[in-house]
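Here is the structure we will look at.
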Amino acid sequence: MLRSFSRANTKPEFLLQSKPRASGGAITISLFSSAVAQNQASLTPITSTLLQKCNSLAQAKLIHQQLLVQGLYQDFTTRLVSAYLTHNAPSHSISILERLTPSTSVVFCWNTIIRRSLRLGFSHDVLSLFRRMLRLHCPPDHYTFPFVLKACGELPSFRSGAAVHAVVSTTGFDSNVFVCNALVAMYARCGELDDARQMFEEMHYKGICDIVSWNSIVAAYTQSRDAKNAVELFRIMMNDSEIHPDIVSLVNVLPACGSLGASLHEQANKVFESTEVKDVVSWNAMVTGYSQAGRFEEALGLFQKMREEKIELDVVTWSAVIAGYAQKGHGYEALGVFRQMQLCGSKPNVVTLVSVLSGCASIAALLQGKETHCYAIKCVLNYDWNDPGEDLMVINGLIDMYAKCKSTNVARLMFDSVAPSDRNVVTWTVMIGGYAQHGEANDALKLFSEMLQEGNSMKPNTFTICCALMACAHLAALRFGKQIHAYILRNRYESVMLFMENCLIDMYSKSGDIHAARVVFDNMQHRNSVSWTSLLTGYGMHGYGEEAIKVLDDMRAAGFVPDGITFLVLLYVCSHSGMVDQGIRFFESMHTEYSVTPELDHYACMVDLLGRAGRFGQALELVHSMPMEPTAIVWIALLSGCRIHGNVELGEYAAAQLQELGSENDGSYTLLSNIYANARRWRDVARVRSLMKYSGVKKRPGCSWVQGKKGTATFYVGDRSHPQFEQIYKLLADLIQRIKAIGFVPETNCALHDVDDEEKGDLLFEHSEKLALAYGILVSTPGVPIHITKNLRVCSDCHNAFTYISMIIDNEIILRDSSRFHHFKSGSCSCRGYW
């Protein structure tokens with residue numbers, strides 16, 4: 001039974017009356033009998049009136065029954081179908097239609113049922129109805145196909161859409177402008193821009209294009225972020241004497257202008273001014289278009305002009321401006337317009353509230369988000385006459401707002417308040433995304449698993465899957481990431497693969513399998529700048545600088561021009577690969593060759609690059625020549641370089657600058673403490689730790705986790721909570737003895753100063769990453785890489801120990817710390833000392 005055919009029916013109103021009276025059914029039968037008693041000619045209008053006026057499913061069934069008894073059923077079948085649909089009983093309507101000979105009126109009834117399912121959002125049911133219609137040899141018409149194609153686009157299902165296209169061609173509707181426009185829109189919604197463009201070109205060749213055709217293809221390019229083609233087509237449309245762009249044309253192209261930086265201001269105004277009737281809808285369309293394009297001055301100019309010309313501002317006008325600000329991340333401006341709206345007495349609708357919540361989320365304005373929540377409770381939510389779908393839109397917006405304001409507990413309460421059967425894919429996605437984006441990756445993956453559990457028919461969309469992949473990347477959960485990759489391949493997400501493939505490259509890179517990331521990249525049919533940058537970043541994290549430079553050369557050859565983000569990644573790559581001179585050349589070429597102005601992050605990367613190389617004079621000179629004030633990130637980069645090379649004086653200077661900035665990062669205190677420890681200045685070590693305690697700054701405990709056959713095991717320093725801890729410590733002791741025999745010496749200078757050297761060695765022995773490695777060796781098959789992740793930077797003693805241990809085991813050790821990846825194999829590390 002289809003979902004849209006099994007809706008619960010409300011109890012007939014006449015059955016709820018307490019006062020004794022004749023039943024609705026008795027009245028219906030009485031009237032019907034009176035009609036039969038009269039002549040046959042008067043029967044039709046009376047029965048039609050009865051079918052239109054019956055106010056319950058029970059009454060419709062009684063009339064149906066009497067028509068069968070009287071032998072008049074065939075004369076009123078289509079009216080019965082409409083009556084059953086009116087009372088939310090489509091299964092009864094379909095039961096009738098399946099027994100009828102195909103005709104124009106029967107096709108009309110099928111179209112009515114299909115349109116109903118589409119309106120309710122049951123796109124799979126639309127396709128089932130269409131298939132049933134074809135099996136009954138009922139020929140679809142030019143109204144049927146647009147409904148069905150729209151459902152294919154909303155799923156999206158390229159396969160189903162292509163199959164419907166085949167039916168269109170075989171039934172002779174391939175020259176019908178309405179059907180062809182629907183095909184263009186369907187291919188666009190499925191992400192198949194080449195097919196959409198080919199369909200449009202065929203229509204243009206046949207001479208059947210209308211303004212809807214042009215608007216559809218321009219919208220397709222705009223929504224796919226192909227601004228160049230969208231603007232180019234709009235300009236061609238402007239020069240076509242037979243096509244006159246309308247307000248919809250402008251709304252479609254203006255966002256593309258905003259992203260491309262192109263100016264169609266004059267053409268837009270020309271089209272707008274040539275519009276004969278400038279009603280509030282036309283003005284709203286222009287305001288919406290400019291807002292989505294990021295042209296806030298023009299949008300607000302039109303907004304003010306509407307006020308000057310006494311055009312009544314409706315909720316759409318206000319919502320368009322608020323939504324425009326919110327979509328661009330200008331939350332404070334969105335809230336300001338919302339206040340003006342309230343002062344003017346205009347009542348917000350659901351779209352307004354969702355946009356306001358999005359604005360709050362973009363600036364983490366929790367207080368204003370709570371105020372909006374209160375308003376929604378008082379004025380929008382929980383009213384009996386509300387559309388449940390609109391209520392859910394607001395609740396989804398609230399979950400998203402609370403999650404992005406780092407109140408994930410409140411967001412989860414909102415999520416749990418929605419019955420599982422009422423949740424849609426957006427409900428799941430905003431909660432999973434909220435967890436993934438704010439460091440609660442385990443909860444994100446747990447919730448994603450619940451979504452996919454047997455019995456839950458909800459299918460994740462592109463954004464849901466990408467949020468789950470983001471969580472895998474955060475945890476370096478390679479096994480879970482591979483399972484999601486397999487799910488993507490099994491469920492055929494071909495139409496939206498670019499976005500997910502970019503996330504897969506990022507996930508594999510951050511989970512320690514850079515080779516799998518490269519395989520995904522090499523098998524991509526289409527690539528964008530994010531694809532290239534993700535692979536570059538991956539190579540940088542793993543210390544493969546030369547491979548990264550080759551990717552840059554390939555990127556240029558493919559026609560992609562490096563931008564600010566690309567250069568930031570390149571500087572990171574050079575810093576972690578020891579390519580100092582190459583990094584300096586990249587930094588200098590940014591402005592001279594590519595007209596990219598270095599920003600704060602670029603300077604911080606350069607300071608890190610020079611600091612790691614011990615070029616402190618150049619690093620300090622660069623800091624003092626920066627066109628902006630150095631922030632904490634710059635001084636931490638310099639402090640990190642001082643720790644590597646033991647530069648106490650400059651380290652103290654960088655730490656003093658951090659203190660002036662009010663930085664309370666535990667990492668900066670730890671770096672300074674380590675600098676003093678390496679210099680054996682134990683009093684200064686104690687002073688730094690005392691200062692941390694006085695300032696309320698707590699050092700994060702070191703934590704490492706490793707993937708085993710039965711899941712992930714987590715370890716802290718000195719951890720004895722694992723069921724196999726005795727075996728772990730025994731194996732680790734044996735490993736340490738074996739590597740000492742071949743030259744390993746514990747680096748005790750970074751341990752506590754108030755214990756003897758033997759005890760220092762014992763303390764280093766219990767570091768979390770060593771425990772994780774011992775467990776990984778216990779449970780791993782020889783030859784299989786051991787993947788370990790640490791939340792902090794790996795200590796020098798553990799790094800040295802891992803290098804030696806890789807000489808006596810058959811497994812490659814892949815360690816990800818807070819800075820980069822280390823691949824230990826046969827006595828060497830991929831970082832080559834640059835960490």
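The values are calculated or read from the model by the stated rules, or taken from the named source; none is laboratory data. Just so it is clear, the model here is predicted, and its values are computed rather than measured. Here the Cβ positions follow ideal geometry from the backbone for every residue, glycine too, while neighbour counts run over all protein chains shown. Side chains are part of the model used for accessible areas, which takes the heavy atoms of the whole protein and leaves out ligands, DNA and RNA. Shrake-Rupley method; radii C 1.70, N 1.55, O 1.52, S 1.80 Å.
Computed about its Cα centre, the charge dipole of the range 786-834 is approximately 200 debye, with only Lys, Arg, Asp and Glu carrying charge at their Cβ.
What pairs from Lys693/Lys790; Lys510/Lys699; Lys305/Lys378; Lys310/Lys404 go past 27 Å between their alpha carbons? Cα-Cα > 27 Å for Lys305/Lys378; Lys310/Lys404; rest within. How would you classify the range 703-829 from its alpha-carbon gyration tensor, with a ≥ b ≥ c the square roots of the eigenvalues: rounded for a/c under 1.5, else prolate if a/b is greater than b/c, otherwise oblate? Judged from the Cα gyration tensor, the range 703-829 comes out rounded (a/c under 1.5). Let me make sure I get this right: for the range 521-652, a, b and c are the square roots of the gyration tensor eigenvalues over alpha carbons, sorted descending. Under 1.5 in a/c it's rounded, otherwise prolate if a/b > b/c, else oblate. Which is it? Prolate is the answer for the range 521-652, as a/c is 1.5 or above and a/b outweighs b/c. Each label was represented as a point 7 Å from its Cα along the Cα-to-Cβ direction; for Gln727 and Lys710 these points are 0.9 nm apart. In this rough spin-label picture, where each label sits 7 Å from Cα along the Cβ direction, the Arg479-Tyr694 distance is 4.8 nm.
Based on alpha-carbon atoms only, what is the radius of gyration of the range 625-699 relative to the globular estimate 2.2 N^0.38 Å? All intermediate terms of the calculation are to be shown ahead of the outcome.
Values: Rg = 12.0 Å, N = 75, 2.2 N^0.38 = 11.3 Å.
Against the compact-globule rule of thumb, the ratio is 1.05.
If we count every other residue with Cβ under 11 angstrom of Glu769's Cβ, Lys/Arg +1 and Asp/Glu -1, where does the sum land? Result for the neighbourhood of Glu769: +1.
Where a Cα-Cα gap under 21 Å defines reach, which lysines qualify for Lys740, not counting those fewer than 8 residues away within the same chain? Candidates past the 8-residue exclusion: Lys730, Lys760, Lys770, Lys825.
With the simple model of a label 7 Å out from the Cα in the direction of the Cβ, Val519 to Glu201 spans 3.5 nm. The residues neighbouring His438, those whose beta-carbon lies less than 14 Å from its own, together hold a net charge of 0 under the Lys/Arg +1, Asp/Glu -1 convention. Anisotropy class assigned to the range 443-584 is prolate, per the alpha carbon gyration tensor with a/c at or over the 1.5 cut-off and a/b larger than b/c. The HN-Hα couplings worked out from phi for the range 191-204 by the Karplus form 6.51 cos²θ - 1.76 cosθ + 1.60 (θ = phi - 60°) are x, 9, 5, 5, 5, 4, 5, 4, 4, 5, 4, 5, 5, 5 Hz, whole numbers, x standing for Gly and Pro.
Give the carbon-plus-sulfur fraction of the accessible surface of the chain in %, rounded to a whole number; probe 1.4 Å, heavy atoms of protein chains only. Whole-percent figure for carbon plus sulfur exposure: 52.
Averaging the sequence gap over all C-alpha pairs within less than 8 Å and six or more residues apart, then dividing by the number of residues, gives the range 447-548 a relative contact order of 23 percent. The mean accessible area for residues of the chain, using a 1.4 Å probe and ignoring ligands and nucleic acids, is 48 Å² per residue.
Candidate cross-link partners of Lys61 among the lysines, defined by an alpha-carbon separation under 19 Å and a same-chain spacing of 8 or more, comprise Lys11, Lys53.
Positive contributions from Lys and Arg (+1) and negative ones from Asp and Glu (-1), summed over other residues with Cβ under 11 Å from the Cβ of Ala364, come out at +2. In the chain, the DSSP beta bridges split such that about 80 percent are antiparallel, to the nearest 5.
Under a 5 Å amide H to amide H cut-off, with H placed in plane at 1.01 Å, what residues pair with Met579 once short-range neighbours are removed? Here nothing satisfies the definition. Per-residue packing, averaged as other Cβ atoms within 10 Å, sorts the ranges 659-669, 555-565, 573-583 into the order 573-583, 659-669, 555-565, beginning with the highest.
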